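Let me begin by presenting the structure, written as structure tokens, before commenting on it.
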Amino acid sequence: MTVEQNVLQQSAAQKHQQTFLNQLREITGINDAQILQQALKDSNGNLELAVAFLTAKNAKTPQQEETTYYQTALPGNDRYISVGSQADTRKKYMPTRTRCATIEQSKYGSKDERDLDVIDLTGDDKDDLQRAIALSLAESNRAFRETGITDEEQAISRVLEASIAENKACLKRTPTEVWRDSRNPYDRKRQDKAPVGLKNVGNTCWFSAVIQSLFNLLEFRRLVLNYKPPSNAQDLPRNQKQDVSEFTHKLLDWLEDAFQMKAEEETDEEKPKNPMVELFYGRFLAVGVLEGKKFENTEMFGQYPLQVNGFKDLHECLEAAMIEGEIESLHSENSGKSGQEHWFTKLPPVLTFELSRFEFNQALGRPEKIHNKLEFPQVLYLDRYMHRNREITRIKREEIKRLKDYLTVLQQRLERYLSYGSGPKRFPLVDVLQYALEFASSKPVCTSPVDDIDASSPPSGSIPQTLPSTTEQQGAPSAELPSTSPAPLAAVSSRSVIHKPFTQSRIPPDLPMHPAPRHITEEELSVLESCLHRWRTEIENDTRDLQESISRIHRTIELMYSDKSMIQVPYRLHAVLVHEGQANAGHYWAYIFDHRENRWMKYNDIAVTKSSWEELVRDSFGGYRNASAYCLMYINDKAQFLIKEELNKETGQALVGIETLPPDLRDFVEEDNQRFEKELEEWDAQLAQKALQEKLLASQKLRESESSVTTAQAGEAEYLEQPSRSDFSKHLKEETIRIITKASHEHEDKSPETVLQSAIKLEYSRLVKLAQEDTPPETDYRLHHVVVYFIQNQAPKKIIEKTLLEQFGDRNLSFDERCHNIMKVAQAKLEMIKPEEVNLEEYEEWHQDYRKFRETTMYLIIGLENFQRESYIDSLLFLICAYQNNKELLSKGRYRGHDEELISHYRRECLLKLNEQAAELFESGEDREVNNGLIIMNEFIVPFLPLLLVDEMEEKDILAVEDMRNRWCSYLGQEMESNLQEKLTDFLPKLLDCSTEIKGFHEPPKLPSYSTHELCERFARIMLSLSRTPADGR
């Protein structure tokens, strides 16, 4: 359909007007469209005058929040990542008033130079603040008119130059500095066919993510590597830094400009083809109604922006973006219906979606990130958005709308069944009818509450053991146990019974355990049961029918576009750019599909690792932690030239590596490789010379090493392994002698073998009783004897028998005349055990587990003692080891280790305390204190954060990690010295990396040797102290 010229002009004016209205809305925070339109009309379209007019009336922006955000957005710090901005006219999330204020602060010179224009932004005068905004707008516009370079273009260039300078500075660092390339060239040698990462030289992760995604498009790589600047090439704009989306916008703009100049030089056609435009840019047709008049307009697009908030998947975002609702009218008196649809007329081979996950919170005066979950497929079919399919799509959209309306009705109807009632508490109607049936069927039976409890109790368990002991402690007879509560017995077993003798004495002993009707005839009961049964069946059938209908409608909607005619335009996911963090700071990395190996790769700065779709989903969909996709890059699945390798024209084989480069670049790389090979040869020569020197001093070094080993063994005598099963403590020796003496008295005339058998039976009975005893937390009989540990963990009988024989065959018993003969018999029996009777490997494994259990106990004790002494660094190392050992033990059985929640709580609290200490040191601003704080974070917090993130079910650990990260991210919104800002931005990417890979682990601390008595005593003491300390929410 053709359109009249005046309608098109109105549409263009409307779009320009709408842009001004959006800028005014962001600057002033006023959402009333009529007020904004009137201000723009009164100012004759002058944006600065409109701002001044509006802010003179009512400027209601929180001063404190505004000031904070100005500090956050200061452009003078080239290392800060501004992730809250969008490119061009889509800059919705970083308010213009903030950018203007920072421009004012940075562009004006000394105080003498700006006496006329100086404005005090620290005071309470809102007029001064708003005049600063208007003045900054004017200055920004003037700068653009003079240079032709936008602030965004300057920002991108500035961060690139800073990164290059940082990289050069890094290469010049002295050997004493930590951050430099390895001197060993073999450490820098590329692994065969392995992708290469990009070093982060100061928050350039956003740059790496974009470049890696584009570099892995072979067609893009060919275009760039084979590019030759035209003769009339001009310098591209320089300076500034941006986020992923804005950098991608500007990068493509630069490439478009560069290739456009080349295309114009090489062709005489009127419209030369630009390869970058052909690769990344498409077209859509805007069809709609403006003030009652129909119009069409074709527009070009590159990155396609999509709103995330309010949508669950990518198709919902696209549907909302392609169908725009009411268009705000230029003139409020025009009441004609307005709206438009977008239809793709030409899709680019590389289609990039920019996911808008940031919005400006007007109330708080700062940008916020949207963490909502958004799903996207690996293969996206775009047929439904094509202009040629518009009629079919409109029909299907109407059908989907009708189905969704019907679905809403069914869901409301189902909700009435599932949440029945007129009060605040509602229940499923089926359950209500069932409860009524149970009540009607209940009969009052006069029986003793205690008899009823005893009859319903299980034959064995904790209840029969708990009730008598509790009764004895309270001194109350069993007939006075509570009988008024209808709670299930599980509640009784989970906590001690609370006796209230004065209240219980008033309860009649013949009350029923459950409510029941007092008077009901058989006929009434029969009619009521019949009705309730029938109604319940009817409700169940209705509920099932509704649920099936809802499922069918969902399935119909899902398959609406699955017919063959609507799956002809497939786009395959090529790359996902992920952002982890908050609106004002974060870390970027990319997942890129390796089309040759048919797998996903993760590009995280210099680290390139194999990945999977499952890991990509976890980090990219959002809704979990603070990581989510920020940019999606799809490629036309039918455009194989994008990923097809170049072939050798003579051999027909695929070109790989250096063969794909043009001659000039190939020569450059070959020369660099030759220099590197020479460096390898020089390194090998140095190593050979060192080896010769070491060979001459080999004998001397051997003597020194032997001497050091002897010294180390002598020095480490106090740090012994946990007592092995052959170690015989004084306490165990006395207990064994007592058992033998008791058995001897019972069998005075019997042989030593009979006495041994009796002693073993007595000892085993004693240990079984200890194993079955219900003890408080401070008493753990597993520490008293290894056999208690074996019994609780159901060790094989042969393992227990051999362990008891070793106890009675210990050589320490030979010094006691009463036990000497018993020891000899036990040793003889041990020698008679055949290998097939007892699996020696299994036997050793059980005893190793017990030694690890004692070792874990010692780690736990020392860790908790250090925690109570507020020595959190020492405490953390011991608690980490305790948790790791304990987790390994618990994987074999629930009684193999200690309470996992207890260790997890104090490990988490220890990290939080250390984080608080480090943050306080950083806040002090003193160089020494700041360095100490960052050392704590880098050596003790960052390496151990993956331990808290590895288990996704531990919600408290994940929340603790987020608290620690948010604490440090909050500093980005504060004013600080440039050196502090630099250290902070260097450190933050490490803290915000949500990888669960453990990159470094301290060696386990050495443990002192404890006797069994000392171990049990210290364990009881520390556990008792914990029971007297609040659990802090554990």
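The values are calculated or read from the model by the stated rules, or taken from the named source; none is laboratory data. Everything numeric in this text was worked out from a predicted model, so none of it was measured. Every residue, glycine as well, gets a Cβ built from its backbone with ideal geometry; the counts of neighbours run over all protein chains shown.
Spot the failing condition for Tyr420; the list is (1) crowded, with 18+ Cβ neighbours inside 10 Å; (2) of a type in the set (Phe, Trp, Tyr); (3) touching a Lys or Arg at 6+ places or on another chain (Cβ under 9 Å), and only one is missed.
(1)
For the subset of segment 585-626 comprising residues that are in contact with a Gly (Cβ under 8 Å, 6 or more places away or on another chain) and surrounded by 23 or more Cβ atoms within 10 Å (Cβ to Cβ), which member is modelled with the highest pLDDT?
It comes out as Tyr603.
When you go through Asn648, Asn636 one by one, which is the residue that is out of contact with any Asp or Glu (no Cβ under 6 Å at 6 or more places or on another chain) and more than 30 Å from Gly302 (Cα to Cα)?
Going through Asn648, Asn636 in turn, just one is out of contact with any Asp or Glu (no Cβ under 6 Å at 6 or more places or on another chain) and more than 30 Å from Gly302 (Cα to Cα): Asn648.
Provide a single number: the residues in segment 1006-1023 that are of a type outside the set (Ser, Thr, Tyr), in contact with an Asp or Glu (Cβ under 8 Å, 6 or more places away or on another chain) and modelled with pLDDT under 90.
Result for segment 1006-1023: 3.
I'd like the residue in segment 861-911 that is hydroxyl-bearing (Ser, Thr, Tyr) and not in a helix (DSSP H, G or I) and, out of all such residues, is surrounded by the most Cβ atoms within 10 Å (Cβ to Cβ).
Restricting to residues being hydroxyl-bearing (Ser, Thr, Tyr) and not in a helix (DSSP H, G or I), the top hit is Tyr895.
Return the total of residues in segment 334-374 being touching a Phe, Trp or Tyr at 6+ places or on another chain (Cβ under 9 Å), of a type in the set (D, E, K, R) and surrounded by fewer than 16 Cβ atoms within 10 Å (Cβ to Cβ).
2
Run Arg596 past the list (1) without any contact (Cβ under 8 Å) to a residue 60 or more places away in the chain; (2) under 14 Å from Ala575 (Cα atoms); (3) outside any helix (DSSP H, G or I) and report the number of the one that doesn't hold.
(2)
What's the number of the only condition in (1) over 36 Å from the mean Cα position of the chain (by Cα); (2) assigned to a helix (DSSP H, G or I) that Glu645 fails to meet?
(2)
Among the residues of segment 541-581, which ones are in contact with an Asp or Glu (Cβ under 8 Å, 6 or more places away or on another chain) and among the polar types (S, T, N, Q)?
Ser565, Gln568
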